[in-house]
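Only one structure is covered here, and it is reproduced in the block below.
The values are calculated or read from the model by the stated rules, or taken from the named source; none is laboratory data. Fair warning: this is a prediction, and the values are worked out from it, not measured in the lab. Reconstructed Cβ throughout: ideal geometry from the backbone, glycine too, with neighbour counts over all protein chains shown. Remember, those area values only see protein heavy atoms, side chains included, never the ligands or the DNA or RNA. Shrake-Rupley method; radii C 1.70, N 1.55, O 1.52, S 1.80 Å.
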Number of protein chains: 2
Amino acid sequence: MSENKVPYKTYLEENEIPKAWYNLRADMKVKPAPLLNPGTGKPLTAEELTPIFCEELVKQELDNDTAYFPIPDDILEFYKMYRPSPLVRAYCLEKVLDTPAKIYYKFEGNNTSGSHKLNSAIAQAFYAKKQGLKGVTTETGAGQWGTALSMACAYLGLDCKVFMVKISYEQKPFRREVMRTYGASVTPSPSMETEVGRKILAEHPGTTGSLGCAISEAVEVATKNPGYRYVLGSVLNQVLLHQSIIGLETKAAFDKLGVKPDIIIGCAGGGSNLGGLIAPFMGEKLRGEADYRIIAVEPASCPSFTRGKFAYDFCDTGMICPLAKMYTLGSGFIPSPNHAGGLRFHGMSTTLSQLYHDGFMEARAVEQTSVFEAAELFARSEGLLPAPESSHAIRAAIDEALRCKETGEEKNILFGLTGTGYFDLKAYEQYNDGKMTDYIPTDEDLAKGFAGLPKIDA
Amino acid sequence: MSENKVPYKTYLEENEIPKAWYNLRADMKVKPAPLLNPGTGKPLTAEELTPIFCEELVKQELDNDTAYFPIPDDILEFYKMYRPSPLVRAYCLEKVLDTPAKIYYKFEGNNTSGSHKLNSAIAQAFYAKKQGLKGVTTETGAGQWGTALSMACAYLGLDCKVFMVKISYEQKPFRREVMRTYGASVTPSPSMETEVGRKILAEHPGTTGSLGCAISEAVEVATKNPGYRYVLGSVLNQVLLHQSIIGLETKAAFDKLGVKPDIIIGCAGGGSNLGGLIAPFMGEKLRGEADYRIIAVEPASCPSFTRGKFAYDFCDTGMICPLAKMYTLGSGFIPSPNHAGGLRFHGMSTTLSQLYHDGFMEARAVEQTSVFEAAELFARSEGLLPAPESSHAIRAAIDEALRCKETGEEKNILFGLTGTGYFDLKAYEQYNDGKMTDYIPTDEDLAKGFAGLPKIDA
């Protein structure tokens, strides 16, 4: 048997789990632009945010200076149930590609939520519990965030109300059942339970719902019911902060192995996974201590980075959320039904947007069928069925490895494998049947989205 | 943060993965009775078995004396993709139960097949490849075995033909798609592709199929096509041999921790998981070196151990397979539609049957709703959604832990968590909706099954 110097899987010890989250913003010379109150056009204050979000989370959201936030013990205990996650050397994929490149991936799918979302869900649920709240509300589309939050709330004994986009509620009954098994109440949105839901149903009786509408319902329930707050699974600074655990563990594992990645790749929807994975590496880059090529991969059907505008926009299609300065296709942009539901967001984390704008990272858009081709190759060689979202990163990692094959370079390529595809088999079926298509919005499609951008620019 | 002496998860290093499988039969004073040729009533020879099974596997099947079989390097390399699997200390479950017992579980679900089945699938596929075969055939009901075999065959570049019980093929399209993604051909059984399939369809045009029929089709294709052999995922001695990796790793991890389990619990369908988990512990017990309470848990709806007869019987409902001496409900016994598909088998491994008969282990039958109650409690506290099969072991482990609470005993309880329940959410839905029922066969039901037992007794 070949004795490989680097093992297939590198696990940190439990006592090596990082004890603090890293706040990338602290090392940014140009900070991400502040969230604005859409009514006044002025930066949102803690006072304006606390009726919606938990107090501690508001502090984290607005703090651009503190580099490290200690992780509370209770959250560390929860992390130990499913962390540290493995840093995997993709020997089998390398062999199939016949590349001199060394491919690594950080696998975040070994928990029932099936993704990295749990890292922030437990943090947000913990602060809600600490504040003495009864419960939290949220929305979910594909269902990964809702599942993660349900798990965290079940663990802490917190009530969890999930508004699930009606079409997903009907088409993804299994995701719904996981959430119910974890004790969450799952309501198809729009519903009759909220004012905004009733209004939408009256105007559009046959609607199958939207993420924007589900957000509106979740926020309404949180603000109208004493003891409840609203929580969100991506985009926000606080979420990137919690997700830094991914990158911190990855860096610690690489340090143990004595390996330095050359290229770091992550899929980008709202930015939670990418922002978490790259955090400590980007920190070194910002401080001038090291250099890395960092690549964000997005679907060609929803190309916020590669074809969007860097401008203030609403975070939700319902235009009730704060304004954020980010790469955006316009909150009215309707992405085609790409199977990577987690990447179908018109905007992007303000932090990542600023970093991209300032030239600290690259971005690339890939098409759906080539993503599933990569997913299948990965599944067959590495034995893990990847989520469609994660497979965007796999596509780019394979492309970089094939480039190394041409040049003969032995680069170390790292990508984030955010989750598993067990609830995405309708998409795989379409691919297996040769029925999957690609969609790239025309410039006219994009122009319609841009036309809806608010007239603010701070 | 509390510094626990035993970590939540104990992983062996990759170079600590056992290098040989352990053959429990070598330490049995009373060996399991041999398989008989149903035509002659005489023990099956290697010559009779090699047209159906791979040569190396036939040797393993018939060898009651060799204690250790070295694991080939190629299989060890594959094992490294998803092994060592973690031995988990269930701190959170212990806390919820408020028990002085210490609960451990060996988790085999961290791979896309979602279960321990992959341990034997890669071994069987490897020997087929080594023999220069083109491919293998098999049947699958719930789909875990078929998925595992597809993964192993994709890795080795071997053709994989799976006959999937038609009702499962239609009701579990996602399992089917996983197999297709791994390149397997999946045929609903009965099919028009085989003589036996055409015969059955002519006689019963509306049939939704059965495992017995799917076995018959898979065996026919294997024996009629040069370069193919048939493989099976449970019951056989060779499968228990490969699955010993579970127990060997568990024992190595316990030795590292300096812990000795008092009670070892596994669910039992055909016996592959239970036989693998207990192997080295049972070996010590047989050699008089240690004592353990070992408990097999089966569904009350299909109680082979607790209400079956120890007699020669056919392994399949189609009565084409060899006769095995085992605890059986009769090959004609039709179990109620319990959701633990992997435990709906009328018989039991000959090795485990002999050990149970000789008093080396206990058995217990549990009802479906109490199993899902345990599954939900486990999911909410430990964060993993368990397979219905595995949840039988969880039920018994919880019951033992609650008994410790009464007596104040700090027993070490180990159970096998064979897999995840991501493809079993129809069952969870039924439980969440309060629509799940229990079924216990009457003595008359059992008498019908026993009436069909063959008149051989060696």
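Restricting the search to the range A:387-401, which residues are in contact with a Ser or Thr (Cβ under 7 Å, 6 or more places away or on another chain) and not charged (D, E, K, R)?
Residues of the range A:387-401 in contact with a Ser or Thr (Cβ under 7 Å, 6 or more places away or on another chain): A:387, A:389-390, A:395, A:401.
Of everything in the range A:387-401, those that are in contact with a Ser or Thr (Cβ under 7 Å, 6 or more places away or on another chain) and not charged (D, E, K, R) turn out to be A:Ala387, A:Ser390, A:Ala401.
Quick one: in the range B:110-126, which of the residues that are closer than 19 Å to A:Pro386 by Cα and open to solvent by less than 10 Å² (accessible area, probe 1.4 Å) is farthest from the other protein chains (Cβ to nearest Cβ)? Walk me through how you get there before you give the answer.
The first filter runs over the range B:110-126 and keeps only residues closer than 19 Å to A:Pro386 by Cα, leaving B:110-115, B:118.
Okay, now just the ones that are also open to solvent by less than 10 Å² (accessible area, probe 1.4 Å), so B:111-115, B:118.
Values: B:Asn111: 6, B:Thr112: 4, B:Ser113: 8, B:Gly114: 8, B:Ser115: 13, B:Leu118: 8 Å.
Only one residue fits best here, namely B:Ser115.
Please go through the range B:60-91 and give me each residue that is more than 30 Å from A:Tyr104 (Cβ to Cβ) and either more than 11 Å from chain A (Cβ to nearest Cβ) or open to solvent by 10 Å² or more (accessible area, probe 1.4 Å) (or both), ordered by number. Explain how you work it out, then say what you get.
Going through the range B:60-91, the residues more than 30 Å from A:Tyr104 (Cβ to Cβ) turn out to be B:60-70, B:90-91.
Those that are more than 30 Å from A:Tyr104 (Cβ to Cβ) and either more than 11 Å from chain A (Cβ to nearest Cβ) or open to solvent by 10 Å² or more (accessible area, probe 1.4 Å) (or both): B:Gln60, B:Glu61, B:Leu62, B:Asp63, B:Asn64, B:Asp65, B:Thr66, B:Ala67, B:Tyr68, B:Phe69, B:Pro70, B:Tyr91.
Mind checking which residues of the range A:323-338 are surrounded by fewer than 21 Cβ atoms within 10 Å (Cβ to Cβ) and closer than 15 Å to A:Tyr312 by Cα?
A:Gly332
Quick check on my filter: what residues within the range A:232-266 are open to solvent by less than 10 Å² (accessible area, probe 1.4 Å) and under 11 Å from the mean Cα position of the chain (by Cα)? Walk me through how you get there before you give the answer.
Step one: of the range A:232-266, the residues open to solvent by less than 10 Å² (accessible area, probe 1.4 Å) are A:233, A:238-239, A:241-247, A:249-250, A:253-254, A:261, A:263-266.
Within the range A:232-266, A:Gly233, A:Val239, A:Gln243, A:Gly266 meet the criteria.
Scan the strands (runs of 3 or more DSSP E) fully inside the range B:149-248 and keep the ones with 3 or more residues being at negative phi and among the hydrophobic types (A, V, I, L, M, F, W, C).
It comes to B:159-165.
Of all the strands (runs of 3 or more DSSP E) wholly in the range B:280-351, which have at least 1 residues that are over 29 Å from B:Thr420 (Cβ atoms)? Break it down into steps so the answer makes sense when it comes.
Numbers: elements: B:293-299, B:309-314, B:323-328.
The strands (runs of 3 or more DSSP E) meeting that bar are B:309-314, B:323-328.
Being open to solvent by 30 Å² or more (accessible area, probe 1.4 Å), of a type in the set (A, V, I, L, M) and within 13 Å of another protein chain (Cβ to nearest Cβ) is the filter here, so list the residues in the range B:158-181 that pass it.
Within the range B:158-181, none qualify.
Just need a number here: residues in the range B:339-361 that are among the polar types (S, T, N, Q) and surrounded by fewer than 24 Cβ atoms within 10 Å (Cβ to Cβ).
First, pick out the residues of the range B:339-361 that are among the polar types (S, T, N, Q): B:349-351, B:353-354.
So of that shortlist, the ones also surrounded by fewer than 24 Cβ atoms within 10 Å (Cβ to Cβ) come out as B:354.
Summing the residues that are among the polar types (S, T, N, Q) and surrounded by fewer than 24 Cβ atoms within 10 Å (Cβ to Cβ) in the range B:339-361 gives 1.
Scan B:Leu36, B:Leu57, B:Leu49 and give me the residue that is buried (at least 17 other Cβ atoms within 10 Å of the Cβ), over 30 Å from A:Tyr8 (Cα atoms), more than 14 Å from chain A (Cβ to nearest Cβ) and in contact with a strand residue (DSSP E or B) (Cβ under 9 Å, 6 or more places away or on another chain).
Working: B:Leu57 fails: over 30 Å from A:Tyr8 (Cα atoms); B:Leu49 fails: in contact with a strand residue (DSSP E or B) (Cβ under 9 Å, 6 or more places away or on another chain).
Checking each option against the conditions leaves just B:Leu36.
Quick check: is even one residue across the range A:311-333 in contact (Cβ under 8 Å) with a residue 24 or more places away in the chain and under 20 Å from A:Ser390 (Cα atoms)?
Initially, the range A:311-333 is screened for residues in contact (Cβ under 8 Å) with a residue 24 or more places away in the chain, giving A:311-333.
Those still in the list that are under 20 Å from A:Ser390 (Cα atoms) too: none.
No, because not a single residue in the range A:311-333 is in contact (Cβ under 8 Å) with a residue 24 or more places away in the chain and under 20 Å from A:Ser390 (Cα atoms).
Which ones in the range A:129-147 are open to solvent by 10 Å² or more (accessible area, probe 1.4 Å), under 13 Å from the mean Cα position of the chain (by Cα) and of a type outside the set (Phe, Trp, Tyr)? So that I can check it myself, show each step before the final result.
So the first thing to find is which residues in the range A:129-147 are open to solvent by 10 Å² or more (accessible area, probe 1.4 Å), and the list is A:129-134, A:139, A:141-142, A:144-145.
If we keep only those that are under 13 Å from the mean Cα position of the chain (by Cα) too, we end up with A:141-142, A:144-145.
A:Gly141, A:Ala142, A:Gln144, listed by residue number.
Which of the following residues is farther than 30 Å from A:Pro173 by Cα, in contact with a helix residue (DSSP H, G or I) (Cβ under 6 Å, 6 or more places away or on another chain) and among the charged types (D, E, K, R): B:Arg198, B:Arg180, B:Arg229? Full working, then the answer.
On the way: B:Arg198 fails: in contact with a helix residue (DSSP H, G or I) (Cβ under 6 Å, 6 or more places away or on another chain); B:Arg180 fails: farther than 30 Å from A:Pro173 by Cα.
Among B:Arg198, B:Arg180, B:Arg229, only B:Arg229 is farther than 30 Å from A:Pro173 by Cα, in contact with a helix residue (DSSP H, G or I) (Cβ under 6 Å, 6 or more places away or on another chain) and among the charged types (D, E, K, R).
Which pairs do you get when a residue that is in contact (Cβ under 8 Å) with a residue 60 or more places away in the chain, found in the range A:48-66, comes within reach of a residue that is polar (S, T, N, Q) and open to solvent by 40 Å² or more (accessible area, probe 1.4 Å), reach meaning Cβ atoms under 8 angstrom, with the pair 6+ apart or on two chains?
Every condition considered, the pairs that remain are A:Pro51/A:Thr223; A:Ile52/A:Thr223; A:Cys54/A:Gln131; A:Glu55/A:Gln131; A:Glu56/A:Gln131.
Could you figure out which of (1) touching a helix residue (DSSP H, G or I) at 6+ places or on another chain (Cβ under 7 Å); (2) at pLDDT 90 or above isn't true of B:Gly288?
(1)
For the range A:210-218, does any single residue satisfy the condition of being out of contact with any Gly (no Cβ under 8 Å at 6 or more places or on another chain) and open to solvent by less than 20 Å² (accessible area, probe 1.4 Å)?
Yes, some residue in the range A:210-218 is out of contact with any Gly (no Cβ under 8 Å at 6 or more places or on another chain) and open to solvent by less than 20 Å² (accessible area, probe 1.4 Å).
Inside the range A:363-389, can you point out the residues that are within 26 Å of B:Met81 (Cβ to Cβ) and among the polar types (S, T, N, Q)?
Initial filter on the range A:363-389 (within 26 Å of B:Met81 (Cβ to Cβ)): A:366, A:370-389.
Correct list: A:Ser370, A:Ser381.
Return the residues of the range A:2-33 that are within 10 Å of chain B (Cβ to nearest Cβ), open to solvent by 30 Å² or more (accessible area, probe 1.4 Å) and not charged (D, E, K, R); say none if nothing qualifies.
Answer for the range A:2-33, where residues must be within 10 Å of chain B (Cβ to nearest Cβ), open to solvent by 30 Å² or more (accessible area, probe 1.4 Å) and not charged (D, E, K, R): A:Ser2, A:Asn4, A:Pro7, A:Tyr11, A:Asn15.
Is at least one residue of the range B:92-114 of a type in the set (Asp, Glu), touching a Pro at 6+ places or on another chain (Cβ under 9 Å) and farther than 30 Å from B:Arg176 by Cα? Outline the logic, then answer.
Keep residues of the range B:92-114 that are of a type in the set (Asp, Glu), which gives B:94, B:98, B:108.
Within this subset, residues satisfying the condition of being touching a Pro at 6+ places or on another chain (Cβ under 9 Å) are B:94.
Restricting the remaining residues to those that are farther than 30 Å from B:Arg176 by Cα gives B:94.
So far as the range B:92-114 goes, yes, one or more of its residues are of a type in the set (Asp, Glu), touching a Pro at 6+ places or on another chain (Cβ under 9 Å) and farther than 30 Å from B:Arg176 by Cα.
Considering only the range B:146-157, I want to know if a residue exists there that is more than 12 Å from chain A (Cβ to nearest Cβ) and either within 19 Å of B:Gly341 (Cα to Cα) or at pLDDT below 95 (or both). Walk me through it before giving the result.
Let us first name the residues in the range B:146-157 that are more than 12 Å from chain A (Cβ to nearest Cβ), namely B:146, B:149.
Filter once more, keeping what is either within 19 Å of B:Gly341 (Cα to Cα) or at pLDDT below 95 (or both): B:146, B:149.
Yes: the range B:146-157 contains one or more residues that are more than 12 Å from chain A (Cβ to nearest Cβ) and either within 19 Å of B:Gly341 (Cα to Cα) or at pLDDT below 95 (or both).
So A:Cys315 ticks every box in (1) open to solvent by 20 Å² or more (accessible area, probe 1.4 Å); (2) within 18 Å of the chain's Cα centre (by Cα); (3) over 23 Å from A:Thr45 (Cα atoms) but one. Which box is left unticked?
Here A:Cys315 clears every test but (3).
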